[in-house]
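Below is one structure, written out as structure tokens; the observations come after it.
Only the coordinates and a few stated rules stand behind these numbers; no lab work does. All values reported here derive from a predicted model rather than from experimental measurement. Note that we place each Cβ from the backbone using ideal geometry, even for glycine, and neighbour counts take in every protein chain shown.
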């Protein structure tokens, strides 16, 4: 899907760690990855469920003032299960 959410990622040193522990953490660390969106749905108050169309970079949704809506997101776990950087 083409929907995206912007995020800022921070990296901090491990406080109180020995030089060996810091080196081990650096060796085993893997970069964070954004999960792959499988689907994105809008659920309106009345129970209507609407898929956001794939391929639209800026889908248009219209709501009445004060409407309550839910966004339901399904993500792929494949992107969350990967080996640490440098591992084969």
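Values for this structure:
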{"item": "Extended-chain gain in nm, criterion 0.36 nm per residue less alpha-carbon gap, residue 58 and residue 22", "result": "8.7 nm"}
{"item": "Residue 34 versus residue 48: modelled label distance in nm, points set 7 Å from Cα along the beta carbon direction", "result": "2.9"}
